[in-house]
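Below is one structure, written out as structure tokens; comments come after it.
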Amino acid sequence: MIQQDKFLQLLHSPDEVNVTLALEMAKGLPEIDLQKYLVGCRELYECLIEELAEHTVLEPTHIASLNQIQIDAARQSITALPEAIGQLPNLQKLDLRENQLATLPESISQLTHLQELNLVDNEMVTLPESFGKLSNLRRLYLAWNQLEVFPECLAGLTGLQELDLGTNSLKELPEWIDNFKELHTLYLIENSLTFLPPRFGKLQNLQELYAKANLLSSFPDCLQHLSRLKMLYLQSNGITTIPDWLGTLANLEHLNLANNQISDVPETLGKLKGLQDLHLGNNQLTQLPESLGLLTNLKSLGLLRNKLTVLPEGIHRLPKLTFLNLSGNPLPDSEINKIEASLPDCRVIF
């Protein structure tokens, strides 16, 4: 009885090392009702996939009744998941990042309570059709894989709130992209996207869009309908102009358009009253609009490596500006002296 009490104490510990010890201890215990002990366990920490598939005492069926469970199997050199993973219907969080998975078993569809799945930095080229049955999935991380086509099986995951498809080889997004009605954060960095489809503008709950380092040659018009957008990162594309309607995105707080081919900034930029960070470095700017001075909440302004020889008067009156990068511009000494005098509390890089 003392051994079983010790087993139970270790199993319910918040320390993952103790939980691992409990699993090892279970191998030497006589036949016990493991399900009885596991029902009260809130989370099973650091339970590896191999143990679920091969453990002689703790079988997947023993823990299927857990109300809340997460598995962290990151960085375990896993090349394939066992079909037995499907015997954990109450699994809510599964971390498989930094392994060598190329696909998933069809039984993944049985994880009907799964809310978060991390597959970052694997070798995924596709997802099984049954993946679309994970109706409770809210956060899906697929960055750093080998996806060339947007997985069709995601079409039914209408409850997704956060989706990361960064650093793949996607060339286009599906027309049904607006199925993701609840999506608030989308990572598309380092793909090969040349445009965003019109229905992208129907993602009414989108607040954060990261599309750095794609092949966008123009500012996507569909973005003008995303009134809740707070963070917009489009740096390192081929964008040449900023549309006038950008000023209608009243909730925008962070805007990064660095490393493009932009030669002009519209006066409507001044309507973005909530903007806190603006990065326009490495473009072709020769002047800035006077309305820049209306951005009274601006804290950080990046203008490095442009062709600026003069600055708008309004820039000297930005009350919250704490960082200003003007390096790599042919500014005369008179402009430099004026900035230093008018913004004494701002860190300025020339």
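The values are calculated or read from the model by the stated rules, or taken from the named source; none is laboratory data. As the structure is a computational prediction, the values presented were derived from the model and not from experiment. Cβ atoms come from the backbone with ideal geometry, glycine included; neighbour counts cover every protein chain shown.
Laid out as a table, the results:
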{"quantity": "Conditions (1) more than 14 Å from Leu275 (Cβ to Cβ); (2) surrounded by fewer than 16 Cβ atoms within 10 Å (Cβ to Cβ): number failed by Thr296", "calculated": "(1)"}
{"quantity": "Selection count where residues are surrounded by 15 or more Cβ atoms within 10 Å (Cβ to Cβ) and under 33 Å from the mean Cα position of the chain (by Cα), scope the stretch 302-321", "calculated": "8"}
{"quantity": "Failed criterion for Pro151 (all others in (1) at pLDDT 95 or above; (2) touching a His at 6+ places or on another chain (Cβ under 8 Å) hold)", "calculated": "(2)"}
{"quantity": "Selection from the stretch 334-350 of residues that are part of a loop (DSSP other than H, G, I, E, B) and loosely packed, with under 14 Cβ neighbours inside 10 Å", "calculated": "Pro344, Asp345"}
{"quantity": "Matching entry among Leu324, Leu331, Leu275 (being touching a Lys or Arg at 6+ places or on another chain (Cβ under 8 Å) and buried (at least 17 other Cβ atoms within 10 Å of the Cβ))", "calculated": "Leu324"}
{"quantity": "Unmet criterion (only one of (1) surrounded by 16 or more Cβ atoms within 10 Å (Cβ to Cβ); (2) in contact with a helix residue (DSSP H, G or I) (Cβ under 9 Å, 6 or more places away or on another chain)) for Ala213", "calculated": "(2)"}
{"quantity": "Within the stretch 164-192, considering residues that are touching a Gly at 6+ places or on another chain (Cβ under 9 Å) and in a helix (DSSP H, G or I), the one farthest from Ile242 (Cα to Cα)", "calculated": "Asn179"}
{"quantity": "Flag if Phe195 is assigned by TED's automatic domain parsing to the domain that holds His225, assigned to a loop (DSSP other than H, G, I, E, B), at negative phi and among the aromatic types (Phe, Trp, Tyr)", "calculated": "yes"}
